[in-house]
Amino acid sequence: MNSKEEALASGALKATIHSMKRRAAWNDYNAPRIYMLTLVTLNRRPLFGSLRGDPHLPLYAPGSATVEWSDLGRAIRNEEIPKINRYYPMVEVWKLMIMPDHLHIILNVRESLPKGKLLGDVLAGFKSGCNRAYWRICGIEGENRPGLFEESYCDKILHDSGQLERWKHYLDDNPRRLMLKKTHPDLFRQRYELIIDDRRCVAIGNPFLMDIPDKMAVVVHRADSADEYDRRERAWMQCGANYGVLVGAFISEREQKVKEAARARGYLIIQLTSDAMTAMYKPGGVDFDACAEGRMLILSPWPDKVANTGLTRQECLTMNTLAEKIAAGQFEKR
């Protein structure tokens, strides 16, 4: 059994630690891979630039959100990023997003790194160059000069081609998303305020959706006939059209279809999730926009969870039960 198979058997591949220093224990960091890397400044200082533009304009539209780089941000882009390929010709920088307090880099390791070298060595050299630029530009002198970045870095490993396009869009959309978070901070602040079926829940999004009396639980069972599903789907869409709220975990294919249709029509949604809502948690993709627009609330009934461990049948049952209780108004709001 190889290392990846062993990791699969032990469940290590399913575990995702939500921090900025995530490592995949099963991965060979010398081998060819495509990564999305995140490096964060020490104490999240906004040293690379500042946000500009209108976050409510569509991505790529004139005047939409962007980052205006500082001298340090420009030095990293123009001087330090090119050095990665210069020192490691087998490593290509495919895409870069410099945010005020962090960097995202999509890196293609085309062939194995030199013997004894790992991805961490490539990043260590890059960070050293950035440190020197930081000290020079900011006039920092002395033997115990602080480093620019937090220790280590976060990496995500590409598993399919569609994932690469999502990464690229995520990087391009980062300034807009951050500006929306700053514009609507209450919609992205975690809060322990809901007790549902004696379970404490952490919530992100619009908490006032819980106050809307007209709610319907979207729960589809395998035994449900096509006719039964069609009948209930019409009822769900009517609920949404009448400014009611659709509540569910939206796990099965038919449940996801309901969510996609509701979201496309701008309906209100309460989503239950088994994701670990740590301090760094952010809704993904279109769910982020729905939260920013006040059309969505995301709830996790596992407030102390720190890692995603793969969805279990018991978690599915728990979320479906809670969806039905929320729809029935059987909860406390604190």
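Antiparallel beta bridges, as assigned by DSSP with both residues in segment 182-334, represent about 50 percent of the total such bridges.
As a test of understanding, state the convex hull volume per residue of the chain from its alpha carbons, in Å³.
Cα convex hull per residue, to the nearest whole number: 169 Å³.
On a per residue basis, the convex hull of the C-alpha atoms belonging to segment 35-89 measures out at 136 Å³.
Quick check on the chain: helices-only [θ] at 222 nm, where DSSP H runs of length 4 and up contribute -39,500 (n - 2.57) each and the sum goes over total residues. Nearest 500, please.
Computed ellipticity for the chain at 222 nm equals -10500 deg cm²/dmol.
Counting protein heavy atoms only, segment 207-314 has 51 percent of its accessible area on carbon and sulfur, 1.4 angstrom probe.
For segment 41-132, carbon and sulfur atoms together expose 53% of the accessible surface, with a 1.4 angstrom probe and every protein chain in place. Among the trypsin sites (Lys or Arg not before Pro) in segment 219-252, those located in a DSSP loop and surrounded by at most 16 other Cβ atoms within 10 Å of their own Cβ are 222. Sequence-distant contacts, meaning Cα pairs under 8 Å at least 6 residues apart, place the relative contact order of the chain at 19 percent.
The packing ranking, built from the mean of other Cβ atoms within 10 Å per residue, places the peptides 55-64, 121-130, 41-50 in the order 121-130, 41-50, 55-64, highest first. Stokes-Einstein diffusion for segment 58-153, with the hydrodynamic radius set to the Kirkwood value over Cα pairs and evaluated at 10 °C in a medium of 1.306 mPa s, equals 106 µm²/s.
The values are calculated or read from the model by the stated rules, or taken from the named source; none is laboratory data. As the structure is a computational prediction, the values presented were derived from the model and not from experiment. Glycine gets a Cβ as well: all are built from the backbone with ideal geometry, and neighbour counts include every protein chain shown. These accessible areas exclude ligands, DNA and RNA; they are computed on the full protein's heavy atoms, side chains included. Shrake-Rupley method; radii C 1.70, N 1.55, O 1.52, S 1.80 Å.
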